[in-house]
Amino acid sequence: MNRRLRHISALTALFAIGLVGPWLMPAYISQFAQLWLFIVLALSWDIMGGQTGYNSFGNIIYFGIGMYASAVAQVGVVWPVADYTAAKGGGTEFVFTAEQIYTGLALGIPLGGLLAMAAAIVFGALLLGMRGHYFAIATLGLAVAIAELAAGWDYIGAGSGMVTPTLPQEIEGPVLFYYLSLALAVLAILFYAWLYSTRFRLAINAIRDDEDKAEALGHHTTRNKMTAWAISALFTGMAGAIYGNLSGFIDPHDIAFNAEIGVWMILMAILGGKGTLWGPIIGAIVFFVSKELFWTYLLGWQRVALGLLIVIIVVFFPEGIMGWVRSRWPHLFAAPHLDGDEGNAAAAATDERKEAANA
Amino acid sequence: MQNLQLLLQAPVFNIQLLLDGMFIGAVFALAAFGMALVWGVMNIINVSQGEFVMLGGFITLMVVQAGLSPLLGIPVAAVVLFVLGWALYRGIIWRIVEADMFTSLLATFGVSIMLQQLMNEIFGADVRTVESGLGIWFLFDGMVTVTQIKVLAFVLSFVIGLALWLFLKTARLGQAIRATAQNARAARILGIDTDRVYAATYAINAALCGAAGALVVMAWSIHPYMGLPYTLRSFMIVIVAGLGNLAAVISAGLGLGVAEQFAGFILGAEFQLAFVFLLLVAVLVARQVMLARKRQYLK
């Protein structure tokens, strides 16, 4: 089996599991919806952190912006938003019909993504000139600042949060949001797979490897960085839009601009292996399953364990699962036209060259 | 904006804010000394800085619960944090000294989450404070109140800063720390045990933060989630002041404290933190714009 075929069959299998999953385990449907969204978040962090080499602590900004924008749009198509949020919890007078819900979602999710993208372009113009840890800390500061601002803005419910539209009886919420999450994840995975097969990937990898050289070679580094961040924000924003509906309640600190989820994105990508397509996907799955187990069995101490987990992953497994697979079975990563023995030979040759270079 | 008019009409409020800002700013500077030290010597941005401050506060709380004088909390917190810093270095930090910046950033972030949640589990998420047992001075016919513990915090920050400077200049270990900061490889060749130097540096940083935390819990208040703002304030102070300039660190700390008090009063307390973080972003963007003119980058 060559590499391309392996790729396609793995994707098909993943999507097939996604489609039949709800029938197999109907009790966990909300968790699975979250898992798909987490895959989108990890992939979208990785395009900046893994592929472009800009480690952002602030992708949670786009998650929150998407969430609030979508909720405001969903409410706004039917009721005045200020009255709705002032009623705290929607009250009983704000009723939505099925049709209004569908219109709201169809409008809100793309709007959430686009608004996040617009924000990414503005913030990118400010921050993307910084390198390394300055960029990381600046995005961290911005994320907390925006959470504080959201918590002080009455229009979107300020500190007491905002309830997403209550679904009428005939809509099964978890199922609807599960399939929306699945659709977004499929879209994101296919899009990133396509994007990483184009020259754009080489351009952003050049930025990661040596930005000054890339610039000297005539790459439009700023434009590429901005594009990568805008794409990242678009998908993160849409994931946020669905996540808000899934949780049913948007709190500025605990849901929308939740610093914890901001760290999870990074952790999932690193755990799986930065800078690969499959790394963030595998990382998200492994992380999500272990997180659910932590949350169930560690009763209160899960967040302490989470901190420890971050330290362990970062210090001991910085290459992630994909990095381990790559060193264990290098022929799987040989150039697409080589396979089997030829691939092994090519990998061995690379190793020899590396050793020669090291010696 | 009503509060702004109030400030213009009653200038005495300005004095109150200015004093409060300078008192807390001195404590910010204390934590920033440690951050500058670790950054300069080990090339690590220690994100768990604010958590060390928080731990110092909780240790003082424990000292008081044990029935001892709260002022005793300052040295006790410093010593306990020194040991903790040393242990953290031996357990985790030594593995990431040579690693790239992002690894150390994320690893210390993990440490900070761990400490913060540990304290949350043990002491709960409530805001805590400790009665220092010192009095209050009233100035301007009682219009301006100054608690003596804040003055003590202010003075102690200066004294500790001065002691740190003397230590780095004259003590054997201090000289070894400076040598390692200049060139770790050369220092190693000349027989300096850089591993020990790093451990000492990290432990001294933790001790400084511990002392700061003891002052914070007496003069203001603490809670398990207060860490990140303190970390980012230290970071901001170090960026503005540069590494290895203690006088600049103090003045940047005082400036930040004053700016924060005024912003909190004028914009409302709920926007004080947002102001701090936006100020951080603004400082970084301003530095970036200045450097970009010379086609350099913040890195």
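The values are calculated or read from the model by the stated rules, or taken from the named source; none is laboratory data. The structure presented is a predicted model; accordingly, all values stated were derived computationally and were not measured. Cβ placement follows ideal geometry from the backbone for every residue including glycine, while neighbour counts extend to all protein chains displayed.
A residue that is at pLDDT 85 or above, part of a helix (DSSP H, G or I) and either touching a Lys or Arg at 6+ places or on another chain (Cβ under 6 Å) or not hydrophobic (A, V, I, L, M, F, W, C) (or both) can be found somewhere in segment A:142-151. Can you spot a residue in segment A:254-261 that is more than 14 Å from chain B (Cβ to nearest Cβ), touching a residue at least 40 places away in the same chain (Cβ under 8 Å) and over 26 Å from residue A:320 (Cα atoms)? Looking through segment A:254-261, at least one residue is more than 14 Å from chain B (Cβ to nearest Cβ), touching a residue at least 40 places away in the same chain (Cβ under 8 Å) and over 26 Å from residue A:320 (Cα atoms). Please indicate, with yes or no, whether at least one residue in segment A:90-109 is within 13 Å of chain B (Cβ to nearest Cβ) and free of Cβ contacts under 8 Å to residues at least 60 places away in the same chain. Within segment A:90-109 (the criterion being within 13 Å of chain B (Cβ to nearest Cβ) and free of Cβ contacts under 8 Å to residues at least 60 places away in the same chain), the answer is no, since none of the residues qualifies. Taken together, A:301, A:295, A:264 contain a single residue that is touching a residue at least 60 places away in the same chain (Cβ under 8 Å) and of a type in the set (Phe, Trp, Tyr), which is A:264. Among the residues of segment B:115-138, those identified as within 12 Å of chain A (Cβ to nearest Cβ) and not β-branched (Val, Ile, Thr) are B:115, B:116, B:117, B:118, B:119, B:120, B:121, B:124, B:125. Given the condition without any contact (Cβ under 8 Å) to a residue 12 or more places away in the chain and β-branched (Val, Ile, Thr), answer yes or no: does some residue in segment B:269-281 qualify? Checked segment B:269-281: at least one residue is without any contact (Cβ under 8 Å) to a residue 12 or more places away in the chain and β-branched (Val, Ile, Thr).
If you go through segment A:155-176 and keep only what is in a helix (DSSP H, G or I), farther than 17 Å from residue A:69 by Cβ, out of contact with any Lys or Arg (no Cβ under 9 Å at 6 or more places or on another chain) and more than 11 Å from chain B (Cβ to nearest Cβ), you end up with A:173, A:174, A:175, A:176. There is at least one residue in segment B:100-108 that is closer than 14 Å to residue B:206 by Cα and crowded, with 22+ Cβ neighbours inside 10 Å.
Being in contact with a Leu (Cβ under 9 Å, 6 or more places away or on another chain), among the aliphatic types (A, V, I, L, M), closer than 25 Å to residue B:111 by Cβ and not in a helix (DSSP H, G or I) holds for only one residue in B:256, B:243, and it is B:243.
Within segment A:121-141, does at least one residue satisfy the condition of being more than 14 Å from every other protein chain (Cβ to nearest Cβ), within 27 Å of residue A:188 (Cβ to Cβ) and among the hydroxyl-bearing types (Ser, Thr, Tyr)? Within segment A:121-141, none of the residues are more than 14 Å from every other protein chain (Cβ to nearest Cβ), within 27 Å of residue A:188 (Cβ to Cβ) and among the hydroxyl-bearing types (Ser, Thr, Tyr). The residues in segment B:60-114 that are in contact with a Gly (Cβ under 8 Å, 6 or more places away or on another chain), within 14 Å of another protein chain (Cβ to nearest Cβ) and over 21 Å from residue B:225 (Cα atoms) can be counted, and the count is 2. Taken as a whole, the structure leaves residue B:153 outside the set of residues that are part of a helix (DSSP H, G or I) and at pLDDT 90 or above. Considering every residue within segment B:152-175, establish whether at least one is more than 28 Å from residue B:69 (Cα to Cα) and small (Gly, Ala, Ser). Among the residues of segment B:152-175, at least one is more than 28 Å from residue B:69 (Cα to Cα) and small (Gly, Ala, Ser), which makes the answer yes.
With respect to being out of contact with any Lys or Arg (no Cβ under 8 Å at 6 or more places or on another chain) and crowded, with 18+ Cβ neighbours inside 10 Å, residue A:301 falls outside the description. A count restricted to segment B:70-119 and to residues that are assigned to a helix (DSSP H, G or I), closer than 20 Å to residue B:41 by Cα and of a type in the set (Gly, Ala, Ser) stands at 5. Among the residues of segment B:206-258, those that are closer than 28 Å to residue B:288 by Cβ and of a type in the set (Phe, Trp, Tyr) comprise B:230, B:235.
All conditions in (1) in contact (Cβ under 8 Å) with a residue 40 or more places away in the chain; (2) surrounded by fewer than 23 Cβ atoms within 10 Å (Cβ to Cβ); (3) within 28 Å of residue A:22 (Cβ to Cβ) hold for residue A:154, with the sole exception of (3). Of the residues making up segment B:47-59, one or more are assigned to a helix (DSSP H, G or I) and more than 13 Å from the chain's Cα centre (by Cα).
Considering only segment B:196-217, I want to know if a residue exists there that is more than 14 Å from the chain's Cα centre (by Cα) and within 30 Å of residue B:136 (Cα to Cα). No, every residue in segment B:196-217 fails to be more than 14 Å from the chain's Cα centre (by Cα) and within 30 Å of residue B:136 (Cα to Cα).
Can you tell me which residue among B:270, B:260 is more than 10 Å from chain A (Cβ to nearest Cβ), among the acidic types (Asp, Glu) and within 20 Å of residue B:16 (Cα to Cα)? Every option except B:260 fails the conditions.
Tell me whether segment A:249-270 contains one or more residues that are assigned to a helix (DSSP H, G or I), in contact with a Pro (Cβ under 6 Å, 6 or more places away or on another chain), small (Gly, Ala, Ser) and closer than 30 Å to residue A:9 by Cβ. Yes: one or more hits. Could you check, for segment B:213-223, whether at least one of its residues is in a helix (DSSP H, G or I) and surrounded by fewer than 23 Cβ atoms within 10 Å (Cβ to Cβ)? Checked segment B:213-223: no residue is in a helix (DSSP H, G or I) and surrounded by fewer than 23 Cβ atoms within 10 Å (Cβ to Cβ). Note on segment B:273-296: residues that are facing another protein chain (nearest Cβ under 9 Å), surrounded by fewer than 20 Cβ atoms within 10 Å (Cβ to Cβ) and not hydrophobic (A, V, I, L, M, F, W, C) total 1. With respect to the stated conditions, residue B:248 fails to be in a helix (DSSP H, G or I), among the small types (Gly, Ala, Ser), farther than 21 Å from residue B:17 by Cα and within 14 Å of chain A (Cβ to nearest Cβ).
Per the conditions (1) more than 8 Å from every other protein chain (Cβ to nearest Cβ); (2) part of a helix (DSSP H, G or I), the sole criterion not satisfied by residue B:141 is (2).
Taking segment A:288-312, which residues are over 19 Å from residue B:108 (Cβ atoms) and within 14 Å of chain B (Cβ to nearest Cβ)? Hits for segment A:288-312 are A:291, A:294, A:295, A:298, A:299, A:300, A:301, A:302. Scanning segment A:40-78 for residues being in a loop (DSSP other than H, G, I, E, B), more than 21 Å from residue A:205 (Cβ to Cβ) and modelled with pLDDT of 90 or more gives a total of 0. Being surrounded by fewer than 18 Cβ atoms within 10 Å (Cβ to Cβ), more than 30 Å from residue A:4 (Cβ to Cβ) and small (Gly, Ala, Ser) is a property that residue A:248 has.
Screening the candidates A:260, A:352, A:319 for the property of being of a type in the set (D, E, K, R) and at pLDDT below 80 yields one hit, A:352.
Check segment A:196-219 and report whether any residue there is outside any helix (DSSP H, G or I) and touching a residue at least 12 places away in the same chain (Cβ under 8 Å). Looking through segment A:196-219, at least one residue is outside any helix (DSSP H, G or I) and touching a residue at least 12 places away in the same chain (Cβ under 8 Å).
When A:242, A:282, A:270, A:266 are checked against the criterion of being away from every other protein chain (no Cβ under 14 Å) and touching a Gly at 6+ places or on another chain (Cβ under 8 Å), a single residue qualifies: A:282.
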